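Since the structure comes first, as structure tokens, the remarks are kept for the end.
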Amino acid sequence: MGDTPHLVLSGLAKTYPGADGAAVRGIDLTVERGRILAVLGPSGCGKSTTLRLIAGLVAPTAGRIEVDGRDLTDVPVHRRDMGVVFQSYALFPHLDVARNVAFGLEMRAVGKAEVKRRVGEALELVRLGHLAGRRIAQLSGGQQQRVALARALVVEPSVLLLDEPLSNLDARLRSTMQDEIGRIQRETGITTVFVTHDQQEALSMADSVAVMNEGRIEQTGTPQDIYERPARPFVARFVGRANMVEGTSRGRDGERTLVELPGLGKVPAAGDPVETGRPATVMLRPHRIALAAAAPESGGARGTVLSAAYAGETVAYRVRLGDDGPVLDVERPTGSEASHGPGAEVALSWDPEAPRLVADPS
Amino acid sequence: MTAEAVAAPAVRPVRPRGPGRHALALLAPGIVALLLTYAMPLVWVLRMSLNESGEGGLIRQTVSFATFAEVLSSAHWWNVIGQTVELGVLVTVCTLVVSYPLALFLARTTSRWRGLLVALAVTPLLISSVARTFGWMAILGNQGLVNKTLGELGIISEPLQLANNLTGVVIASTEIYMPFAILAMISGFGRLDPELEHAAASLGAPRRTVFRRVVLPLTLPGVLTAALMVFVLSLSGYVTPRLIGGGRVFVLATEIYDQATTALDWPVAAVLSVLLLALFGVVIAVYLRAQKVLEARFTGPQGARS
């Protein structure tokens, strides 16, 4: 398990006839056997098209799709052996739960007794054994989701594709199904690609995340890479909240680059070095900034609280640096520290790992 | 559905002031119009069917089933009933077969011309069916477009008998009822979802299997509604059988007209009308039964949906 490339996309592109631009502009991705890849991006970024290209529901304009080294680019959908769970679930309303799950097995001419056994196993896997005879219209959203999973998995496909698997569920059910999908994926060990616009979903469920924007992949990496070391401003802004402060590089300081930022002075930031004198963008996550009541005449970064919004577990501050510097979002946990009202003078601090250089796309 | 509608008010708490009086006032004009144009003539026809006819258009006021007995014991009238049903079945089958692919295309297309295409499919309704029937006579007649063309090309030596018989009536009726069938089908294809076809394909179904296992079952309710509509329209159709039939196609509608206006045998015309009504009743009962069976596949055997 792991480390052997299972699904490989190379130079995959799709332009819809009559559309202004390409929906997908050359995608290279590798998913290792048994791993989960999340394709994360805003709506219209081409992530669903990418999934449909892999499933074979959409023919690519260019590029290749390989599974286990076998070129599947020109193989029609029904011979691709991909399990697809659609955003709308797409369950057959005229068939009951068991017959929905049996559909793929019947297409593979599996014997009746074996169909029965495997449908039973698949329904047990998604914990719906007791609902085999129900109609689709009689199921809740979460149950429909489980049927869709069972139907896709029962044929033991080479790859499982999930299109926005949790978007149609309410918040409580979403976290349950998130755990369920994780458990089922671990139990079956199936290579999985899922598409989502929800960064929390992508970070917590996937082994690796590909962030997409405007038909391109902005960055691929582990959830930690994506969140803590975003390669581009888009990734930093889309995955979690981020303060992006633009300044000028003032050379190296050991491992870090010194960046002169308005209202903050020279700040050492980790990340790919930027030449002295060149513009540089520094990312600071709101929760990594600490606030303290400003002592008069003390050094360091200072600012004025513009607003403070209480949100239960945290307080979201907006703080203007200096007198007319940039405004930063700051998020502090409630309870453990004093809160600051609007107009309060505060001193800002952070651990040296917090500021990150984020390269602008060239 | 009807059972639920009737049973539902019983369990609801009684409201102190219902909308009853206002609703009745608003319904009154419609009810009066229906009474005058529908219920009264119907009662009158039923009454007439219990009379007996004498010589020369004489009507004996009786209350007997003698005229029914007379009609139902006549081979001629059974023949007419048979031909009416035969025409209805043939027209329904032909109309469904030619309309289904069109309706399926119109229901599934994402083209921006879809609205225009649907409108085009029903534009024939803008022309009276009398005019369209005359059009078909010009096409199907012995000196018509088809026979002329085939004759001049030397493909046939004798003209094909396409008019003045059942064939012609079926061809013309099929075209005339197509817009109704297409509309009924499109509106009945609501369960069709391209994603279901994608799901079936991703599970290994080739296109033909997708059609057989998914598209066809999901479109059956729409087809059933279209079938009912065309069958009922065709049972009561008068213009096309009369004009294209050329006096050789005898169906209930044409015979009722002849009995009432030419033979002046109103009791027999009334009996035939009642038989036609009974036929509608049978057809609608069959339709409701079939619909229930079809719906049970979507909602479960008891139709239990919370």
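Structure notes:
- With respect to (1) of a type in the set (V, I, T); (2) within 14 Å of chain B (Cβ to nearest Cβ); (3) touching a helix residue (DSSP H, G or I) at 6+ places or on another chain (Cβ under 6 Å), the lone exception for A:V24 is condition (2).
- With respect to the conditions (1) of a type in the set (D, E, K, R); (2) in contact (Cβ under 8 Å) with a residue 12 or more places away in the chain; (3) within 14 Å of chain A (Cβ to nearest Cβ); (4) open to solvent by 40 Å² or more (accessible area, probe 1.4 Å), B:E197 falls short on a single one, namely (4).
- Restricting the stretch B:147-189 to residues that are of a type in the set (S, T, Y) and free of Cβ contacts under 8 Å to residues at least 60 places away in the same chain, the residue that is nearest to the other protein chains (Cβ to nearest Cβ): B:S187
- Residues of the stretch A:110-136 that are at the interface with chain B (Cβ under 10 Å from one of its Cβ atoms) and open to solvent by 60 Å² or more (accessible area, probe 1.4 Å): A:R134 alone.
- Any hit, the stretch A:86-104, residues being closer than 14 Å to B:A201 by Cα, charged (D, E, K, R) and without any contact (Cβ under 8 Å) to a residue 12 or more places away in the chain: no
- Scanning the stretch A:157-179 for residues that are touching a helix residue (DSSP H, G or I) at 6+ places or on another chain (Cβ under 8 Å) and closer than 22 Å to A:R33 by Cβ turns up A:V159, A:L160, A:L161, A:L162, A:D163, A:P165.
- Filtering the stretch A:40-79 to residues that are open to solvent by 10 Å² or more (accessible area, probe 1.4 Å) and within 9 Å of chain B (Cβ to nearest Cβ) leaves A:R52, A:G56, A:L57, A:P76, A:V77, A:H78, A:R79.
- Output for the stretch B:229-243, where each listed residue is among the polar types (S, T, N, Q) and open to solvent by 40 Å² or more (accessible area, probe 1.4 Å): B:S236
Table: residues versus (1) out of contact with any Leu (no Cβ under 7 Å at 6 or more places or on another chain); (2) more than 26 Å from B:G115 (Cβ to Cβ); (3) aromatic (F, W, Y).
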{"residue": "B:A163", "(1), (2), (3)": "no, yes, no"}
{"residue": "B:F180", "(1), (2), (3)": "no, no, yes"}
{"residue": "B:M185", "(1), (2), (3)": "yes, no, no"}
{"residue": "B:R191", "(1), (2), (3)": "no, no, no"}
{"residue": "B:A201", "(1), (2), (3)": "yes, yes, no"}
{"residue": "B:L220", "(1), (2), (3)": "no, no, no"}
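- Of the set (1) within 14 Å of chain A (Cβ to nearest Cβ); (2) open to solvent by 50 Å² or more (accessible area, probe 1.4 Å), all apply to B:L192 but (2).
- Residue list for the stretch A:19-28, filter: open to solvent by 10 Å² or more (accessible area, probe 1.4 Å) and either within 15 Å of A:V211 (Cβ to Cβ) or not in a strand (DSSP E or B) (or both): A:A19, A:D20, A:G21, A:A22, A:A23, A:R25, A:D28
- B:R208 vs. criteria open to solvent by 30 Å² or more (accessible area, probe 1.4 Å), of a type outside the set (S, T, N, Q), within 14 Å of chain A (Cβ to nearest Cβ) and in a loop (DSSP other than H, G, I, E, B): no
- Matching helices (runs of 4 or more DSSP H) fully within the stretch B:211-306 where at least 1 residues are within 14 Å of chain A (Cβ to nearest Cβ) and in contact (Cβ under 8 Å) with a residue 40 or more places away in the chain: B:216-235, B:266-299
The values are calculated or read from the model by the stated rules, or taken from the named source; none is laboratory data. Everything quoted here is computed from the prediction, not taken from an experiment. Heads up, the Cβs are rebuilt from the backbone with ideal geometry, glycines too, and the neighbour counts pull from every protein chain shown. The accessibility values were calculated without ligands, DNA or RNA, using every heavy atom of the protein model including side chains. Shrake-Rupley method; radii C 1.70, N 1.55, O 1.52, S 1.80 Å.
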